[in-house]
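Asker: Can you keep this structure in mind? I'll have questions shortly.
The values are calculated or read from the model by the stated rules, or taken from the named source; none is laboratory data. Small disclaimer: the values here were computed from a predicted structure and weren't measured. Here Cβ is always computed from backbone atoms with ideal geometry, including for glycine, and neighbour counts include all displayed protein chains.
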Amino acid sequence: MSAVTTTAPAVTEAPPAVRRKRRSLSPGRRLPATRLIGPVLLLALWAAASAAGRLDPGAVPAPWTVLETGARLWTEGTLPDDILTSLQRAASGFAIGLVAGVALALAAGLSRVGEALIDGTVNLNRAIPTLGLIPLFILWLGIGETFKIAIIAIVVYIPIYLNTHAALAGIDSRFVELAEVQGLNRFQFIRQIVIPGALPGFFVGLRLGVTGSWLGLVVLEQINATSGLGYLMFQAQNYGQSDVILVGLVVYGVFGLVSDSAVRLIERRVLSWRRTLSS
Amino acid sequence: MATHTEQLTRPAVRLRGLTRSFDRRTVLDGIDLDIPAGQFVALLGHSGSGKSTLLRAIAGLDHQVTGSGQLTAPERISVVFQDSRLLPWRRVLDNVLLGTDGEDKGRAALEEVGLGGREQAWPSELSGGEAQRAALARSLVREPELLLADEPFGALDALTRIKMHALLRELWERHRPSVLLVTHDVDEAIVLADRVLVLEEGRIGLDLAIDRDAGADARGEYRLRLLAALGVTEDLR
């Protein structure tokens with residue numbers, strides 16, 4: 001008998017308690033301003049390539065050239081006026097599209113008659129490329145501001161209508177039953193159940209609409225305008241001023257980014273009750 | 001169309017020859033029933049026996065259902081569903097006050113169901129039991145003459161259910177509404193109700209008064225009778 005067996009009962013060593021943690025499927029904690037990393041990286045690449053002389057300055061001018069041109073256009077040129085004109089067009093068209101989209105979605109979502117009249121019509125409208133309506137609208141409304149605003153309004157109202165209507169139709173029927181049990185009248189039902197229930201969809205449509213308003217603006221101002229950012233860029237093309245074109249693109253980009261961020265911010269405030277993957 | 005519902009101020013349910021059918025399949029087949037004011041009634045039955053149809057008829061929720069018969073129900077009716085049905089975009093207190101006002105009453109009702117201090121919580125922050133308590137508070141705020149409950153504890157775990165039984169009975173003793181509780185749980189029916197009905201093929205197959213002071217033997221007897229009425233045979237018990 002060996003010494004080992006005579007000593008205290010040989011305890012087989014327990015396997016080390018491994019605490020396996022489940023792999024988290026959520027994307028993890030949100031870091032501040034991480035959404036800017038991509039664009040900043042792109043800008044750095046552009047600057048590096050320009051500095052190294054790898055880019056033809058006539059085709060793609062360096063970032064600092066674009067900045068200089070922008071500053072020059074701002075102080076000496078028509079850039080402030082052009083931006084203001086473009087902003088006014090986008091804002092008017094967007095406002096009309098927003099109201100129309102929400103009103104039509106409510107009318108179609110809350111009554112069978114409304115649905116019969118509106119839903120098919122909007123989907124027909126959606127099937128026709130809005131920018132293809134430009135020639136007809138010029139004939140009807142003339143070449144002034146009205147037709148531009150009308151086209152932007154159409155580009156905006158369609159995604160807002162579609163997403164809001166889909167969210168309305170998706171409101172849980174159990175909540176409708178609850179509203180009946182609690183004795184809500186039609187107005188209370190709309191205000192307390194329908195609208196909050198449709199808000200998530202509305203915000204998706206709103207973000208698409210905001211981007212769409214800029215998109216429509218670019219096209220409109222490049223074919224039929226005598227002022228505005230698009231006109232500035234179109235003129236620059238004729239004179240081969242690629243730096244001016246880039247100034248216009250940067251302004252469009254900044255506006256797009258800022259308006260989208262604003263909508264996201266409002267969305268996060270309004271929908272704070274939602275605990276989703278992204279929060 | 002479902003029959004006209006007469007509104008009475010006196011809280012009592014009165015059904016005469018109530019019939020409801022879906023796609024020519026008769027679900028309720030001429031039900032006669034009186035529920036006196038303040039009585040706690042449990043309604044048992046297999047799934048598909050028409051329990052929920054009867055409850056929905058009394059609640060006035062059967063819009064597109066064909067049927068006939070006479071139905072009298074009180075004016076103030078509250079319904080508690082199997083799911084808590086709290087609106088996710090309203091805080092707990094606002095959920096309790098849905099369709100009514102009086103913040104103090106809402107706070108008091110939450111206090112009564114043991115949710116004092118959770119007024120500003122979002123429904124997604126509540127556990128299943130807490131959510132169902134909030135639903136109870138919402139039904140209480142309206143001071144119902146009749147409380148209709150459609151398997152309100154069906155989705156809760158066993159321990160929470162026991163606590164909720166005590167809470168519901170306590171609330172009933174304090175406020176004395178008439179209660180119609182739909183359940184498929186025989187023991188729950190005996191624990192809670194003064195009277196148990198068994199619904200079978202659209203008719204009331206058994207109407208059993210429960211003596212709440214009875215001992216364990218009598219309760220065992222109730223259980224056997226109810227199970228027999230539900231068609232549960234000896235060897236399955």
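Asker: Give the residue that is farthest from residue B:153 (Cα to Cα), with candidates limited to residues of segment B:72-116 that are polar (S, T, N, Q) and within 13 Å of chain A (Cβ to nearest Cβ).
Answerer: Top of the filtered list is B:100.
Asker: For segment B:37-81, which fully contained strands (runs of 3 or more DSSP E) count at least 1 residues that are of a type outside the set (Phe, Trp, Tyr), buried (at least 20 other Cβ atoms within 10 Å of the Cβ) and under 13 Å from the mean Cα position of the chain (by Cα)?
Answerer: B:40-44, B:77-80
Asker: Just checking, does segment B:157-167 include any residue being among the hydroxyl-bearing types (Ser, Thr, Tyr) and closer than 21 Å to residue B:52 by Cα?
Answerer: no
Asker: Evaluate the following for residue A:89: is it of a type outside the set (Asp, Glu) and surrounded by fewer than 20 Cβ atoms within 10 Å (Cβ to Cβ)?
Answerer: No; evaluated as a whole, the condition is false for this residue.
Asker: Using the structure shown, decide if residue A:118 is farther than 24 Å from residue A:215 by Cα and either in a helix (DSSP H, G or I) or not charged (D, E, K, R) (or both).
Answerer: Yes, satisfied.
Asker: Something else about it: Could you give me the residue pairs with C-beta distances under 8 Å whose first residue belongs to segment A:183-211 and is closer than 22 Å to residue B:95 by Cβ and within 13 Å of chain B (Cβ to nearest Cβ), whose second residue is surrounded by fewer than 19 Cβ atoms within 10 Å (Cβ to Cβ) and of a type in the set (D, E, K, R) wherever it lies, and which are 6+ apart or on separate chains?
Answerer: A:192/B:90; A:196/B:90; A:197/A:172; A:200/A:274
Asker: In segment B:175-185, what residues are within 19 Å of residue B:35 (Cα to Cα) and either out of contact with any Phe, Trp or Tyr (no Cβ under 7 Å at 6 or more places or on another chain) or of a type in the set (Phe, Trp, Tyr) (or both)?
Answerer: Passing the criteria: B:175, B:176, B:177, B:178, B:180, B:181, B:182, B:183.
Asker: A follow-up question, please. Give the number of residues within segment B:77-110 that are in contact with a Ser or Thr (Cβ under 9 Å, 6 or more places away or on another chain), within 20 Å of residue B:57 (Cβ to Cβ) and of a type outside the set (Val, Ile, Thr).
Answerer: 1
Asker: Follow-up. Return the only residue of B:190, B:204, B:162 being without any contact (Cβ under 8 Å) to a residue 24 or more places away in the chain and among the β-branched types (Val, Ile, Thr).
Answerer: B:162 is the lone residue from the list that is without any contact (Cβ under 8 Å) to a residue 24 or more places away in the chain and among the β-branched types (Val, Ile, Thr).
Asker: Moving on to the next point. Scan segment A:138-159 for residues that are part of a helix (DSSP H, G or I) and of a type in the set (A, V, I, L, M) and jot them down.
Answerer: Within segment A:138-159, A:138, A:139, A:141, A:149, A:150, A:151, A:152, A:153, A:154, A:155, A:156, A:158 qualify.
Asker: Please verify whether residue B:30 is in contact (Cβ under 8 Å) with a residue 24 or more places away in the chain, assigned to a loop (DSSP other than H, G, I, E, B) and on the phi > 0 side of the Ramachandran plot, treating the condition exactly as stated.
Answerer: For residue B:30, the condition - in contact (Cβ under 8 Å) with a residue 24 or more places away in the chain, assigned to a loop (DSSP other than H, G, I, E, B) and on the phi > 0 side of the Ramachandran plot - is not met.
Asker: Looking at this structure, is residue B:197 under 26 Å from residue B:27 (Cβ atoms) and surrounded by 15 or more Cβ atoms within 10 Å (Cβ to Cβ)?
Answerer: The answer is yes for residue B:197.
Asker: Here's something else I'd like to know. Inspect all residues belonging to segment A:160-182 and state whether any of them is among the hydroxyl-bearing types (Ser, Thr, Tyr), within 14 Å of chain B (Cβ to nearest Cβ) and assigned to a helix (DSSP H, G or I).
Answerer: Yes - at least one qualifying residue is present in segment A:160-182.
Asker: Let me ask something else about it. Report whether or not residue B:126 is within 30 Å of residue A:194 (Cβ to Cβ), within 14 Å of chain A (Cβ to nearest Cβ) and buried (at least 22 other Cβ atoms within 10 Å of the Cβ).
Answerer: When the stated conditions are applied, residue B:126 does not pass them.
Asker: OK, next. From the residues in segment B:1-22 that are modelled with pLDDT of 90 or more and β-branched (Val, Ile, Thr), which one is nearest to residue B:67 (Cα to Cα)?
Answerer: Result: B:19.
Asker: Take residue A:266 and decide whether it is surrounded by 15 or more Cβ atoms within 10 Å (Cβ to Cβ) and either out of contact with any strand residue (DSSP E or B) (no Cβ under 8 Å at 6 or more places or on another chain) or touching a residue at least 40 places away in the same chain (Cβ under 8 Å) (or both).
Answerer: no
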